[in-house]
Amino acid sequence: MSDFRFDSNTDTILFFGDPNLGGDGFRLFSGFFPNAKQLIWKKGTGKTALRKELRSRSWLFTISFYNDFIFSYDDFDFLGLPLNIHPALPVLRGVGYDHVPLIENHGEHGATLHFMNRSSRLKVDIKSDVDSGRIIRVRKRTLSPEATYGDLRLLNQHVALDMLAGLCKQMLVWGCVETARRELCAEAETNGFVWSRRYISSSILGKMLEDLYMFDPGHRVFVEKPRLVCPVGD
């Protein structure tokens, strides 16, 4: 199906998100593709029903957005062109995108658009399969040393939504999966971005936060209230 055309009326387009930002993301996405299908997965819940819906048809392309769902080998038979917007820079694979930049005093934050890699058929090797597909583009923003967890969470969400809007506009201009694939591959070939070899799992992040809390319970990573950024609507 990779040579099929699509437009704003196409209903074989899949948006896969999470409860935290999936609603906002899909509202933006459906402004470009009003007949797209939305699937939302809450981390820690079952995947059987979602996989059944995912495999109910073959999609022209799939946008995985701000999402920790790990697609299986067989899921990829249905995803079409599989794209992911990861709410962190390539230096940060896995989880912790709202924490690690504060713990390690990073000077930048951002989002990464990349192709999703098909995972192993037998099992998912998290460290090699997740957040490892060719990077298409990166959006970097300066991160203030005064930013709290609440600030960084909002900042990462803003840049991810901005990246999603830009991608949607381009997809409608291209109007064909093969054209989109060709253009995105060309961008990936020339940008020079590579993923870090380090992968942050939930257990690694938990240990980082536990150790830091013992040493500095007032650290900005434990401050949920934003100091610098106003939530949307305020």
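Within region 25-44, the residues that satisfy the criterion of being outside any strand (DSSP E or B) and open to solvent by 60 Å² or more (accessible area, probe 1.4 Å) are 27, 31, 34, 35, 42, 43, 44. Note on region 82-107: residues that are farther than 21 Å from residue 165 by Cβ and either hydroxyl-bearing (Ser, Thr, Tyr) or part of a strand (DSSP E or B) (or both) total 2. Residue count for region 159-185 under the criterion of being open to solvent by 40 Å² or more (accessible area, probe 1.4 Å), touching a Leu at 6+ places or on another chain (Cβ under 9 Å) and β-branched (Val, Ile, Thr): the result is 0.
Does residue 58 satisfy the condition of being in a loop (DSSP other than H, G, I, E, B) and in contact with a helix residue (DSSP H, G or I) (Cβ under 6 Å, 6 or more places away or on another chain)? The answer is yes for residue 58. Selection over region 125-166 of residues that are in a strand (DSSP E or B) and under 20 Å from residue 103 (Cβ atoms) gives a count of 3.
When 177, 223 are checked against the criterion of being more than 30 Å from residue 80 (Cβ to Cβ) and among the β-branched types (Val, Ile, Thr), a single residue qualifies: 223. If only residues of region 55-98 that are open to solvent by 10 Å² or more (accessible area, probe 1.4 Å) and acidic (Asp, Glu) are counted, the one that is nearest to residue 179 (Cα to Cα) is 77. In the set 93, 57, only one residue is charged (D, E, K, R) and farther than 23 Å from residue 158 by Cβ; that residue is 57. All of 61, 69 fail the test of being under 20 Å from residue 163 (Cα atoms), at pLDDT below 95 and hydrophobic (A, V, I, L, M, F, W, C), apart from 69. Of all residues being under 13 Å from residue 138 (Cα atoms) and polar (S, T, N, Q) in region 186-204, which is surrounded by the most Cβ atoms within 10 Å (Cβ to Cβ)? Just the residue, please. Per the stated criteria, the residue is 191.
Per the conditions (1) touching a residue at least 60 places away in the same chain (Cβ under 8 Å); (2) among the basic types (Lys, Arg); (3) open to solvent by 40 Å² or more (accessible area, probe 1.4 Å), the sole criterion not satisfied by residue 52 is (1). Consider residue 111 carefully, then state whether it is assigned to a helix (DSSP H, G or I), buried (at least 21 other Cβ atoms within 10 Å of the Cβ) and small (Gly, Ala, Ser). So residue 111 does not fit the description; no. Here the condition is being in contact with a Gly (Cβ under 6 Å, 6 or more places away or on another chain), open to solvent by less than 60 Å² (accessible area, probe 1.4 Å) and either modelled with pLDDT under 95 or within 30 Å of residue 143 (Cα to Cα) (or both); of 22, 17, it holds for 17 alone.
The values are calculated or read from the model by the stated rules, or taken from the named source; none is laboratory data. Quantities reported herein were computed from a predicted structural model and do not represent experimental measurements. Methodologically, a virtual Cβ is constructed for each residue, glycine included, from the backbone with ideal geometry; neighbour enumeration extends over all protein chains shown. Side chains included, ligands, DNA and RNA excluded: accessible areas come from the protein's heavy atoms. Shrake-Rupley method; radii C 1.70, N 1.55, O 1.52, S 1.80 Å.
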